[in-house]
Amino acid sequence: MPNDKKSQKIVDIIQNAARKHSLFVLAYGTGCGAIEIPPTMTSRYDAERFGIRGMATPRQADVLLVTGYLATKTLKRVIRAYEQMQDPKYVIGFGSCTINGGMYWDSYNTIKLLDKYIPVDVYINGCMPRPEAVITGFVELQGLIKEGKANGAEKYKENIDWYRANQKKVIKNWNMPDYNW
Amino acid sequence: MDNSIWISILGFLATVVLAFTVGVFYGGFVRKITARIQNRIGPPVYQNFFDIVKLYSKKTAINHGWMQHLGPAFAITASVTSLMFIPVLNGQDWIWFENLNFKGDLIFLLYMMVFGSLGMALGAGQTGNPHSAIGVSRGLSQMVGYEIPWVLALVAIMMQAHTTSITGLLEYQNANGTWMMFESPLAFVAGLLAMLGMFHYAPFDVPFAPAELASGPASEFGGKYLALMMTSGSIFAFVKLVLFVDIFMGGASNLIMLVVKTFLLYMVPVLYGIVSPRYRTEQSIRYFWGWPTFIGVLGVLYVVFTR
């Protein structure tokens, strides 16, 4: 439920603070952007300071980090991974490719705007975004979570028909199971 | 109904809360120490509290059947039950709670401490995830590895003190005025080496192996199931440390001594783990069946021939 600062209950404040300070990231390294994740996580830029921690499976993760371009083939896997994650969940679009296709803007089999297929909460601009930019994006997501505004998952549930139509438009062989996430 | 049972229940709850708090803070310290050794700043020490609160406040938790519900429940049941049989403080009742000791509770604990892992194995088996199946088989194989030196160490000290109860061992150490780790050092070394495997830090994090197995048995557990598993793991870490302190290091007479002793003991697997890569499964088992078992057998023989 989207709630502004005034109507937040005490439980909401505690829960949002915990959610803000503990982000389990599923880094979906599709493109070249995956190379910026190791320096973000390791000793030079140490994202664990902010409670950001890599997780190995979608079931345990909170944040889906889509790093780079998505071919229609990988989009299918990203949708499956996203739907396996547990609420509340967030998506960070990483790099220009998730915003407008980047250098793949006229490619025949990559998507251009990720937000048409899964709801993106925060975009990180750049090609490549440096680790500083990645951490800034995470901090911005933390701010949104604290205010209770990072509600992409609810948007996805409400507009599931629109998202499904968009997804089926680009994914020709749609033979995915129905997840009751 | 008299009041004593309610006081016991209050003491029981206080013990569980103490175990949970200390265990979670130890987890935070481990992450902080790991970070400092890797030249990072690291998360705050209360980071694991945030993680657990966040996981408990997840809105959905998918499950694949009854056994997956019961797996984490078995794990936390085993942790709390084991905690009930371990005297937290030596010589006095920890705030009116008399722990449920009886003759032979050390042997009972040997079984009880395995129960949680077996429950998790059943729960992970139902998820149908191949990573879980591999993780479970690796974890149970490794358990066969470290249980042998662990049992040998316990047999040695049980023969030394002629008792199979933890309070009996504590009384024996108090009466002799020396710790069991000095009285039968070979058993202590064998138990310490087995403890490296019980904590599942590297190089013995074979069943979890995030890089190759996607966290193994836990890979299909999300949300509240994972929160339950983290709670259970925190309590169980405290249980193992206090048990080790009780039987080898003479127990602790107050909370500060308890924290000092358990923390120093905890640093052994942690620091050894930070600087180590991961073993393969058969390397891990071979390790435990090598020197730790040999030292354990020597410890038993030492007790047999010197006593």
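Somewhere in the stretch A:130-149, is a residue in a loop (DSSP other than H, G, I, E, B) and under 17 Å from A:LYS116 (Cα atoms)? No, the stretch A:130-149 contains no residue that is in a loop (DSSP other than H, G, I, E, B) and under 17 Å from A:LYS116 (Cα atoms). Filtering the stretch B:17-47 to residues that are part of a helix (DSSP H, G or I), more than 9 Å from every other protein chain (Cβ to nearest Cβ) and under 25 Å from A:ILE13 (Cβ atoms) leaves B:VAL17, B:PHE20, B:THR21, B:VAL24, B:PHE25, B:GLY27, B:GLY28. A Cβ distance below 8 Å, combined with a sequence gap of six or more or placement on separate chains, defines the contacts here; from the stretch A:162-181, residues that are on the phi > 0 side of the Ramachandran plot and of a type in the set (S, T, N, Q) reach no residue that is assigned to a loop (DSSP other than H, G, I, E, B) and modelled with pLDDT of 80 or more. Any residue that is over 20 Å from the mean Cα position of the chain (by Cα) and open to solvent by less than 20 Å² (accessible area, probe 1.4 Å) - is there at least one of those in the stretch B:139-155? So far as the stretch B:139-155 goes, no, none of its residues is over 20 Å from the mean Cα position of the chain (by Cα) and open to solvent by less than 20 Å² (accessible area, probe 1.4 Å). Taken as a whole, the condition of being open to solvent by 10 Å² or more (accessible area, probe 1.4 Å), in contact (Cβ under 8 Å) with a residue 12 or more places away in the chain and over 24 Å from the mean Cα position of the chain (by Cα) applies to B:ILE7. Of everything listed in (1) closer than 23 Å to B:LYS240 by Cα; (2) part of a helix (DSSP H, G or I), the single unmet condition for B:TRP6 is (1).
Among the criteria (1) touching a helix residue (DSSP H, G or I) at 6+ places or on another chain (Cβ under 6 Å); (2) open to solvent by 10 Å² or more (accessible area, probe 1.4 Å); (3) free of Cβ contacts under 8 Å to residues at least 40 places away in the same chain; (4) not hydroxyl-bearing (Ser, Thr, Tyr), the one A:GLU48 does not fulfil is (1). Return yes when A:ARG59 is assigned to a strand (DSSP E or B) and without any contact (Cβ under 8 Å) to a residue 40 or more places away in the chain and no when it is not. Judged against the criteria, A:ARG59 is not a match.
Filtered by the rule that a residue be touching a His at 6+ places or on another chain (Cβ under 9 Å), open to solvent by less than 30 Å² (accessible area, probe 1.4 Å) and not acidic (Asp, Glu), the stretch B:33-74 gives B:PRO43, B:GLN47, B:LYS54. In summary, B:VAL245 fulfils each of the numbered conditions (1) of a type in the set (Val, Ile, Thr); (2) in contact with a Leu (Cβ under 9 Å, 6 or more places away or on another chain); (3) in contact (Cβ under 8 Å) with a residue 24 or more places away in the chain with the single exception of condition (3). Considering B:SER276, B:SER253, which residue is within 22 Å of B:ALA19 (Cα to Cα), touching a residue at least 60 places away in the same chain (Cβ under 8 Å) and more than 14 Å from chain A (Cβ to nearest Cβ)? That would be B:SER253, the only listed residue that is within 22 Å of B:ALA19 (Cα to Cα), touching a residue at least 60 places away in the same chain (Cβ under 8 Å) and more than 14 Å from chain A (Cβ to nearest Cβ). Among the conditions (1) of a type in the set (A, V, I, L, M, F, W, C); (2) more than 24 Å from B:ALA75 (Cα to Cα); (3) out of contact with any Phe, Trp or Tyr (no Cβ under 8 Å at 6 or more places or on another chain), the only one that B:ALA202 does not satisfy is (2).
Counting the residues of the stretch B:209-224 that are more than 7 Å from chain A (Cβ to nearest Cβ) and farther than 13 Å from B:PRO130 by Cα gives 3.
Of all residues in the stretch B:58-79, those that are within 14 Å of chain A (Cβ to nearest Cβ) have Cβ atoms under 6 Å from Cβ atoms of residues that are among the aromatic types (Phe, Trp, Tyr) and open to solvent by 10 Å² or more (accessible area, probe 1.4 Å), 6 or more apart or on another chain, in B:ALA61/B:TYR225; B:PRO72/B:TYR225. Taken together, A:LEU65, A:LEU70, A:LEU23 contain a single residue that is within 13 Å of chain B (Cβ to nearest Cβ), within 16 Å of the chain's Cα centre (by Cα) and buried (at least 22 other Cβ atoms within 10 Å of the Cβ), which is A:LEU23.
Residue count for the stretch A:150-176 satisfying the condition of being open to solvent by less than 30 Å² (accessible area, probe 1.4 Å), of a type in the set (Gly, Ala, Ser) and part of a helix (DSSP H, G or I): 2. Which of the residues that make up the stretch A:77-102 are within 14 Å of another protein chain (Cβ to nearest Cβ), out of contact with any Gly (no Cβ under 6 Å at 6 or more places or on another chain) and polar (S, T, N, Q)? Within the stretch A:77-102, A:GLN84 is the sole residue that qualifies. Taking the listed residues B:ALA227, B:ALA211, B:ALA187, the one that is farther than 17 Å from B:ASP51 by Cβ, modelled with pLDDT of 85 or more and not charged (D, E, K, R) is B:ALA187, with no other qualifying.
The values are calculated or read from the model by the stated rules, or taken from the named source; none is laboratory data. This structure is a prediction, so every number in the text was calculated from the model and none was measured. In this analysis, Cβ positions are derived from the backbone assuming ideal geometry, glycine residues included, and neighbour counts consider all displayed protein chains. Just the protein is used for accessible areas: all its heavy atoms, side chains included, with ligands, DNA and RNA removed. Shrake-Rupley method; radii C 1.70, N 1.55, O 1.52, S 1.80 Å.
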